[in-house]
Structure formats: C-alpha cells, structure tokens
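Q: Sharing a structure below in structure tokens format, with a few things to ask.
Coordinate-derived values only; no laboratory data. Treat the numbers as computed from the prediction; the structure is a model and nothing was measured. Note that we place each Cβ from the backbone using ideal geometry, even for glycine, and neighbour counts take in every protein chain shown.
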C-alpha cells in the first residue's frame with residue numbers, strides 16, 4: 001500500500017528539520033559501536049569488580065569474553081501494581097541468558113512513582129521531573145560499560161519515557177522493553193466514573209468512593225483504563241521496542257513469562273556480537289516516531305505523550321513539534337473506544353483484536369511506515385502477529401483480520417471518527433493541545449467568560465460554594481513546568497463533568513497537564529508559553545471572554561485590552577518545599593517549555 005501523502009510529507013519535514021541533530025547523534029553512536037564491547041578494554045581490576053557477585057560459570061564466560069552480557073534496568077517496586085510483577089523478572093532473564101550462552105546482571109534500578117497515588121497531592125509536582133531522574137539513573141547504571149545489550153523493565157507514566165531517553169543515550173546498544181501487562185478487569189469503568197461524580201456532587205460518601213476505587217484497582221498489573229501507562233505500551237509496540245503482541249498480556253500467565261524469556265534471548269541475539277546487530281539508535285528513527293504518533297491518534301491515547309514523545313525523540317536526535325501531531329491526527333482514523341473514550345478497558349480491547357489488528361489495518365491504509373527496523377526484525381508487519389504458547393513453546397501466529405467487537409475496535413475504513421483524537425490549538429493565548437476523542441462534537445467549541453484560578457483546590461472550593469451557575473471557561477494557571485513541575489489536574493475531571501451534566505458548557509484552559517484519563521470535558525492543556533514564563537495566561541482576569549475552538553484549532557481571548565494588562569506575579573513559595581520539592585529547585589529553573597518536551601536534560605540551544 002502506498003504511504004499516505006500527509007504521513008510521507010510530515011516524515012520528510014521531520015527528517016529535514018532533524019538532520020543536524022540526528023547526524024551528530026548517529027555519529028556519536030557509531031563511534032561507541034566501533035569501539036567494540038567496552039569490557040574488553042577494562043583493566044582486570046575493573047572487570048573483577050563488575051563480576052565479583054556472579055556465579056562462577058558466569059564469571060568464566062565473561063572473563064573469557066565469550067558471552068554476551070545483558071544489562072537489566074528495572075523500575076521494580078511493589079507499591080506500583082504495574083511494576084510489582086517485575087520482582088521475578090531478573091531470575092527469568094538470567095536463566096534465559098544462560099540458556100543461550102550469555103549472562104545477565106541487574107545494572108541498576110530507577111525510581112517509579114505512581115501518579116494514581118499522588119494525584120491532587122504535593123508529590124505530583126515531582127511527577128514530570130521523575131522522567132528525567134529515571135533517565136539519569138539509568139545512565140548511571142549503564143555507565144559501568146560492561147554490557148552488550150539491554151532490557152528495560154518499566155510500564156507507567158513517566159517511567160517508559162525516561163527509560164527510552166536513557167536507551168537512546170546509549171544508542172549503540174540494543175534495547176528491548178519488557179512489559180508486565182494489565183491487571184484483570186475490575187468493576188466497569190462507567191460505574192467507577194459515576195461514583196466519582198456522585199462523590200464530587202456530595203451524593204455519596206467516602207466509603208462508597210473507596211469501595212469503587214478498590215474494586216477497580218485491585219491486583220498486580222497496569223491499571224486497565226487507557227491512560228498514559230497503557231499508551232506507553234502501545235507506543236513500544238508501534239515503535240518496535242516490544243516483541244509483537246507483548247503489550248497487553250496479563251501478569252502471572254505462562255504467555256507473559258514466555259514473552260519475558262524470549263525478550264531476554266532476543267536482546268542478546270541482536271547485540272554486536274551476533275549477526276543481527278540492531279542498535280536502538282537505528283530503531284528509534286524518524287519513521288518510528290511518526291508511527292508512534294499515528295498509534296497515539298488511532299487509539300485516542302494520552303495527552304501526556306505530546307510532551308513525552310517530543311522529549312524521547314530529542315534524545316535520539318529527532319525534532320518533533322505539535323504541528324506534526326496535528327497534521328497526522330487529521331488523516332488518522334480513531335479506531336478504538338477504550339475508557340475514558342468508551343466503556344471498555346484494555347483487556348477488552350486486546351480481546352477484540354488489539355494492537356495487532358490495528359497495526360494491520362493502518363498498514364493496509366498506508367498510514368504507517370512498514371520499513372522500520374524493530375527488535376523483532378525488519379518491518380512493522382511482524383507486529384500483526386499474535387503470540388501464543390503451543391505445546392509449551394512460544395510461537396507467533398497470524399493475528400485477527402476482523403474486529404471481534406466493533407463497539408471497541410473498528411477497521412480504518414469504518415472508524416469511530418475519520419480523524420484522530422488530538423487537536424493543536426493556537427491563538428493569542430499561546431499554543432496548547434486538546435484530546436477530543438471523548439469530547440462530544442457539540443462541546444468542542446465554547447465561548448464564555450473566564451474564571452481564573454491558581455490551583456485546582458481553588459476550583460473545587462468554588463464548585464462546593466455553588467459559584468458555577470453559567471457557561472464558564474475555567475483557567476488554571478501557574479501550573480507549568482517552571483512554576484511547580486506541571487502536575488496533572490486530574491481531580492478537576494469529576495467536578496467539571498458534573499457541571500457539564502447539569503447542562504452548562506464548560507472548558508478548561510491551563511498551562512498544566514491533565515491525566516491520560518482526561519475525558520469528556522474540553523480541555524486546552526499544556527498551554528505554552530506558561531504563565532510564569534510570561535505567557536498570556538498571566539494577563540487574563542475573571543470575566544474575560546475566551547474562545548476555545550477545537551474545530552478551528554484556535555485558543556483566544558476576545559476581550560479588548562485583556563493582553564495589555566501587566567503580568568500577574570504569583571506567590572509560589574508553597575510549591576518550593578516539602579515532599580521533596582526543595583530537591584527539584586534546579587529542575588524548575590532549567591526546564592524547557594511543554595511544546596519542547598518540558599525537559600531539563602535538553603540543552604537550551606535545541607529547545
């Protein structure tokens with residue numbers, strides 16, 4: 001199938017824009033590759049330290065330079081349900097490596113925080129920066145330079161982007177990402193959402209809310225709604241860093257273990273010591289990132305990835321901007337309805353045909369690059385196959401060619417809507433984005449007076465006081481990365497949804513983030529430049545008429561003279577200490593704009 005003209009032109013534009021950065025990056029990776037396995041250049045004392053705790057057989061293999069050594073970067077902790085299964089992975093990986101004549105070591109651990117725990121709490125102000133900390137921690141782990149290949153154990157919101165940034169920084173090494181899979185389905189998502197709204201409206205108490213939440217988040221594995229964590233897993237498959245079909249297999253199953261074992265073996269097979277060398281620098285090229293953007297739009301994925309993909313790409317010498325996302329969204333059909341964009345969860349999506357079916361459809365429609373390199377071999381068409389355990393052995397068979405539930409997953413030619421779930425908004429208030437895949441068409445344009453707040457608790461207090469009685473654009477400013485680390489404003493979703501259900505037209509405009517679970521309320525988010533950095537939001541006052549138009553892609557204040565006011569300068573002292581925030585002062589000082597990836601690691605000259 002001929003590649004779609006828009007996808008082709010956007011890819012060409014990214015290639016041209018990225019050329020200087022990408023060339024320098026590939027040159028750096030080539031020099032590291034040409035130096036050969038680093039442990040061969042270490043002194044005997046260096047090597048003895050690296051192998052001291054290994055079994056004697058592993059020591060002998062490594063000392064003789066006859067075996068590939070696999071470095072494991074793990075984000076294991078047993079507080080995150082999605083990461084708890086990783087506790088047993090290192091033993092599986094070591095055994096798998098030995099079975100093919102190699103060795104494996106846990107190179108290091110990285111922190112992994114749960115946004116579900118910190119939502120609406122001070123700790124959420126560290127969440128975005130944790131991505132950069134994860135990249136730094138993985139860099140420290142791999143700096144020992146004794147590895148021929150790597151596997152990364154991570155799933156959730158900032159963890160996978162941080163690990164991808166680290167993998168790209170060691171681009172001469174292969175990198176295989178091994179997921180843990182989603183927990184089994186709990187109570188229906190619409191039931192959980194209803195209880196949340198009832199609690200926000202004061203109709204039920206905390207006991208009912210707690211019971212609903214515990215019935216939803218109830219076991220090991222990823223949360224089953226289609227938020228940032230599961231969007232990450234989709235991307236790893238679309239971008240060729242997972243084994244085909246690995247993303248949404250439940251933990252603790254024979255298939256999950258078989259995929260983990262095979263992933264370890266594959267990581268060694270594609271090292272420079274073999275005949276199928278596949279460094280991650282060659283996997284993470286411009287085409288792979290375009291495929292990821294297509295997947296993001298086709299699935300209605302998390303808005304957080306509009307920040308993370310930009311940062312991940314920069315680490316691999318690829319320069320993305322939000323216009324790329326918008327143009328690809330315009331030609332990508334929305335093929336999935338998974339909560340919060342529908343009632344189903346990722347287990348239902350997987351059972352309906354899942355990513356394999358979707359990739360096949362998008363390839364057939366000419367919307368994906370099939371000529372990418374992947375850890376499974378050349379060509380994305382490999383990712384239309386489905387893994388199975390047959391007679392105790394892992395095998396891949398042809399995947400679904402028809403959807404098994406068209407209320408969840410549809411073919412490209414009969415999608416839920418002809419365009420993707422992402423809109424870029426631009427106007428005199430700056431540039432932002434909106435996830436529209438769950439926003440009803442009649443709610444995608446709102447023109448109404450502004451109510452201005454400086455944190456989400458102020459919004460909730462106004463709601464409890466009954467202050468929202470007319471159509472309103474709620475502005476929550478000083479929530480950007482420089483101001484307070486850009487926390488998600490997820491706890492506003494139930495409140496604004498209640499107002500919407502009462503018949504009001506409401507929208508949110510913020511320089512902060514919403515969760516990957518943002519849903520039916522139109523929300524212009526990530527507005528850049530942020531208010532603290534001189535953005536126009538710092539001039540808006542209560543009563544100004546704002547127009548949020550996802551159809552035309554505009555974001556404007558219409559009141560004359562509004563942008564002539566002095567900038568508001570807030571007191572942010574309360575955000576600067578406590579819950580570890582004082583440790584991140586320098587991150588807030590140097591972080592770049594949201595549209596450049598909100599990174600503290602990218603030099604200012606390439607922001």
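Q: Among the DSSP beta bridges whose two residues both lie in the chain, what percent are antiparallel, rounded to the nearest 5?
A: DSSP beta bridges in the chain are roughly 45 percent antiparallel.
Q: May I have the extent of the alpha carbons of segment 422-606 along their three principal axes, as whole Å values ordered from largest to smallest?
A: Taking max minus min along each principal axis of the Cα atoms, segment 422-606 gives 44, 34, 33 Å.
Q: Ranked by Cβ crowding within 10 angstrom, fewest neighbours first, how are 14, 187, 390 ordered?
A: Least crowded to most crowded, the residues run 390, 187, 14.
Q: Hey, can you rank 576-585, 476-485 by average C-beta count inside 10 Å, highest first?
A: 476-485, 576-585
Q: May I pose another question? As I understand it, the value is the acute angle between the Cα axis of helix 322-331 and the longest principal axis of the Cα atoms of the chain; what does it come to in degrees, rounded to 10?
A: 90
Q: Multiply the residue separation of residue 563 and residue 457 by 0.36 nm, subtract the distance between their alpha-carbon atoms, and state the gained length in nm to one decimal.
A: 35.6 nm
Q: Now a separate question. Beta carbons within 10 angstrom, averaged per residue: use that to sort the peptides 346-354, 561-569, 141-149, highest first.
A: Most protected by this proxy first, the peptides run 346-354, 141-149, 561-569.
Q: Now, a different point. Rounded to the nearest 500, what is the chain's calculated 222 nm mean residue ellipticity when only DSSP H runs of at least 4 contribute -39500 (n - 2.57) each, over all residues?
A: Only helices count here, giving -11000 deg cm²/dmol.
Q: Okay, moving on. Quick check: residue separation of residue 48 and residue 79 times 0.36 nm, minus the Cα distance between them. What number comes out in nm?
A: Roughly 7.7 nm would be gained on extension.
Q: Can you tell me the orientation of helix 354-364 relative to the chain, as the angle in degrees between its alpha-carbon axis and the longest Cα principal axis, to the nearest 10?
A: Relative to the chain, helix 354-364 is tipped by roughly 90 degrees.
Q: Please report the relative contact order for segment 235-376, taking Cα pairs under 8 Å with a sequence separation of at least 6, and give it as a percent rounded to a whole number.
A: 34
Q: Would you mind pulling out the separation of the Cα centroids of segment 127-176 and segment 197-221, in Å?
A: Taking the Cα centre of segment 197-221 as reference, the centre of segment 127-176 is 35 Å away.
Q: Same structure, new question: Using a Förster distance of 25 angstrom, determine the FRET efficiency expected from the C-beta separation of residue 583 and residue 87, and round it to 0.05.
A: 0.35
Q: For a protection proxy built on the mean count of beta-carbon atoms within 10 angstrom, sort 116-124, 238-246, 70-78 highest first, please.
A: Output ranking for 116-124, 238-246, 70-78: 238-246, 70-78, 116-124.
Q: Now a separate question. Taking a spot 7 Å from the Cα of residue 402 along the direction of its beta carbon, which residues of segment 312-354 have an amide N less than 14 Å from it?
A: 353
Q: For segment 216-299, take N as its residue count and report Rg(C-alpha) divided by 2.2 N^0.38 Å.
A: 1.24
Q: Moving on. Rounded to a whole number of µm²/s, how large is the Stokes-Einstein D of the chain at 25 °C and 0.890 mPa s, given Rh as the Kirkwood radius over C-alpha pairs?
A: Once the numbers are plugged in, D ends up at 100 µm²/s.
Q: Report relative contact order for the chain in percent, whole number only (criteria: Cα-Cα under 8 Å, sequence separation at least 6).
A: It comes to 15 percent, rounded to a whole number.
Q: What full-extension length gain, to one decimal in nm, is calculated for residue 440 and residue 95 as 0.36 nm per residue of separation minus the Cα-Cα distance?
A: Here the answer is 119.1 nm.
Q: Given a cut-off of under 8 Å on Cα pairs at least six residues apart, what relative contact order in percent is computed for segment 422-606?
A: Value for segment 422-606: 27 percent.
Q: What FRET efficiency comes out for the pair residue 533/residue 63, r = Cβ-Cβ distance, R0 = 35 Å, nearest 0.05?
A: Using R0 = 35 Å, I get an efficiency of 0.05.
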